[in-house]
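Read-outs: derived from the displayed coordinates by stated rules, not from any lab. Keep in mind it's a predicted model, so treat the numbers as computed, not measured. Note that we place each Cβ from the backbone using ideal geometry, even for glycine, and neighbour counts take in every protein chain shown.
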């Protein structure tokens, strides 16, 4: 992994009066953190003296967590017809690390890297789609038509040339994508994952293949995204046997990821699972240009939805920070230690009466919201806020594929 890639700054940054959350073993009401010009933590403590020529950011008692990490976005802008730009999903909305979830395949990954990943202010990684063309014309031209869609040798070569930014393989396992191929793409992805020593992220949707059969193929470290979708035949709420398999999968170390998206998150399913004690390990948005102004909006709003459905504050913070970093094999321990790259989100938990909806159009009201104030990337503090679509721009999405109607 290339780790944090923050450029040096003109002067150090001193963060004052922040309440740390999400850091194991750190339990103090307020903390000051000094970040050097090199972007690394120089010192942390209480009531620290400000060195000369330092930029001071007074957090005013707001929470400070490890940087919010969104492991399901689509940010190959111009390379696919659904993608956003990294800055639309990133620091200005509190997200410091994001992962593109399969927008690019081996045939066009070089463009994603050169034009999106490398220039980004944020840390950006990617799951490589096993379909060579990726999501060029998403759901109009499938990336998994038949075996001609997958070039195993080129996938392996692309991974080896980009191991610093490729964190896994992505496969969309849904009838609207792979037709009658059933489990074959998942099996191929899993085999490649074993050979290349990478986890796979599997999109679960309308069968075939069955969600049940997919879970049976996965092993520790693999990721199921859209885990709380409400699609007929793919919902853990409607099938007790499938629910039991999902519980078993979580116990085996398979990562259950929210992956909200335009068509893949149900309040009803998530609430039922949480009431039974089944929590997602990671919270992600599946942001793209058909979901951003629809049901999703941003990371803070997605986190707020899970809080409203019964996850604890601490669990939500963990699922948006440490857990996704662990899932993509980034450093996730002792993130306040001197010498570590500074990557934080400063935010408040604010009272609200905000009306939101899930991917099925079901409405709910949030009484507390995660409101980002700053994203800290090295010695740079970027002002942040939650995203809300302008009045009249919200889209209605197809319940099956997420297309705007």
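Here are the numbers for the structure shown:
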quantity	calculated
Over the chain: helical MRE at 222 nm, DSSP H runs n ≥ 4 each giving -39500 (n - 2.57), nearest 500	-5500 deg cm²/dmol
Sites residue 232 and residue 147 - FRET efficiency at Förster radius 30 Å, r taken between beta-carbons, to 0.05	0.55
Correct option for Rg and Dmax of the Cα atoms in Å [calculated from the coordinates] among [x] 27.1, 89; [y] 35.6, 117; [z] 20.3, 66	[z]
Percent RCO, i.e. relative contact order, over the chain, from Cα pairs under 8 Å lying at least 6 residues apart	19 percent
Neighbour-count ranking [beta-carbon atoms within 10 angstrom, fewest first] of 376, 184	184, 376
Potential extension, residue 195-residue 30 segment - 0.36 nm per residue separation minus Cα distance	54.8 nm
Per-residue Cβ neighbour rank within 10 angstrom, fewest leading, 197, 37	197, 37
Estimated FRET transfer efficiency when R0 is 25 angstrom, pair residue 367-residue 55 (beta carbons, to 0.05)	0.10
Fraction of antiparallel bridges per DSSP, the chain only, in percent to nearest 5	50 percent
Proxy reagent accessibility, fewest Cβ within 10 Å first, across 172, 16	16, 172
Extended-chain gain in nm, criterion 0.36 nm per residue less alpha-carbon gap, residue 355 and residue 187	56.4 nm
Normalised contact order of the stretch 115-191, rounded percent, pairs of Cα under 8 Å and 6 or more residues apart	34 percent
